Amino acid sequence: MIARSRSKQIQTCYFRAWLRWHSRFFGELYATSYANASFSLATDSITCQHVLLIRRLISAVTKYTNSIVDVVAYSMGSPTSRKAILGGPCVDMAKDLGLPLTQLVHTFVAVAGANYGAKYLCTVPTISACNNVTGLQCHSQFLTDINKGHAYEGSKIFTIYSSEDEIVGYRVCEEDYLASSIAGETQAFEKHLLSHVATMYATVELQHNLTSSDQQEGDKQLMENFADLVFRLKVG
């Protein structure tokens, strides 16, 4: 789970608590922020260093668990995580992150993600997070870079967003793009009458289901195999 601001970190804790009560896979949750939560959007943006932290986390978790991972990214954490997975040259410094990590990610879920920009946030001219290089300004160098590719975020890609998001907005770049969409996404879940933060809280169950459907199917098959074995033993 990738979050940036303090409110997003609270959302991560909320999801963690929800999992504790609803899932036996609670111990398989790894979460982080890519910046100091006290930082202001007025002075911060998506730097190469932030991206590198997320990239290292994904690699570390896959090595520690010896398995592929699911990524749930919130708001500004979505474009940051997408670049971490994409790899390649950074737009703000002479550093190449390396090859894509696509093969390490099974499911990527972007919640209220600013994937094509943040329409309403970027109406404030002094917001550093909306600069034209590493910011969320429409067609910034960073956003142009991550949106050139297609379906590199993982085997399955889902977006969850609200048509009433007051931070990211609904359509951006002269209404050409859905702000939270991702090219090649498996499925999009559009919500209504939810604010930016409410979209994260109100869709926790959906987020969980999207990242556990394959596991549930595997458990079902395991139980069917076990029942078949018991039946054969009884018959034999």
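Read the figures in this text as sums done on the coordinates, not as results from a lab. Keep in mind the model is a prediction, meaning the values are calculated, not measured. No Cβ is skipped: glycine too gets one built from the backbone with ideal geometry, and neighbour counts run over all protein chains shown.
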Exercise for the section: Could you run through the stretch 78-114 and say how many residues are touching a residue at least 40 places away in the same chain (Cβ under 8 Å) and in a helix (DSSP H, G or I)? Expected result: 10
Problem - Test for ILE146: is it of a type in the set (Val, Ile, Thr), within 30 Å of ILE68 (Cα to Cα) and either surrounded by 22 or more Cβ atoms within 10 Å (Cβ to Cβ) or touching a residue at least 24 places away in the same chain (Cβ under 8 Å) (or both) - result: yes
Practice task
Would you check if there is a residue in the stretch 182-200 being among the hydroxyl-bearing types (Ser, Thr, Tyr), closer than 15 Å to THR80 by Cα and in contact with a strand residue (DSSP E or B) (Cβ under 9 Å, 6 or more places away or on another chain)?
Solution key: no
Handout entry: Any pair with Cβ under 8 angstrom, 6 or more apart, that starts in the stretch 45-56 at a residue that is within 11 Å of SER81 (Cβ to Cβ) and ends at one that is in a helix (DSSP H, G or I) and among the polar types (S, T, N, Q)
Key = ILE46/THR80; HIS50/THR80; VAL51/THR80; ILE54/THR80; ILE54/SER81
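Of all residues being outside any loop (DSSP other than H, G, I, E, B) and aliphatic (A, V, I, L, M) in the stretch 41-65, which is surrounded by the most Cβ atoms within 10 Å (Cβ to Cβ)? Just the residue, please.
Of the stretch 41-65, the ones outside any loop (DSSP other than H, G, I, E, B) are 48-65.
Subsequent filtering for residues that are aliphatic (A, V, I, L, M) retains 51-54, 57-58, 60-61.
Details: VAL51: 28, LEU52: 16, LEU53: 17, ILE54: 23, LEU57: 19, ILE58: 20, ALA60: 11, VAL61: 17.
Once the filter is applied, the top-ranked residue is VAL51.
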Exercise for the section: Would you mind telling me which numbered condition in (1) of a type in the set (S, T, N, Q); (2) farther than 13 Å from SER75 by Cα; (3) in contact with a Gly (Cβ under 7 Å, 6 or more places away or on another chain); (4) not in a loop (DSSP other than H, G, I, E, B) THR144 fails? Expected result: (3)
Problem - Subset tally (residues that are in a loop (DSSP other than H, G, I, E, B) and more than 16 Å from SER78 (Cβ to Cβ)) for the stretch 115-136 - result: 8
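If I ask for residues that are surrounded by 18 or more Cβ atoms within 10 Å (Cβ to Cβ) and within 16 Å of the chain's Cα centre (by Cα), which ones from the stretch 190-207 would you list?
HIS196, VAL197, THR199, MET200, THR203, VAL204, GLN207
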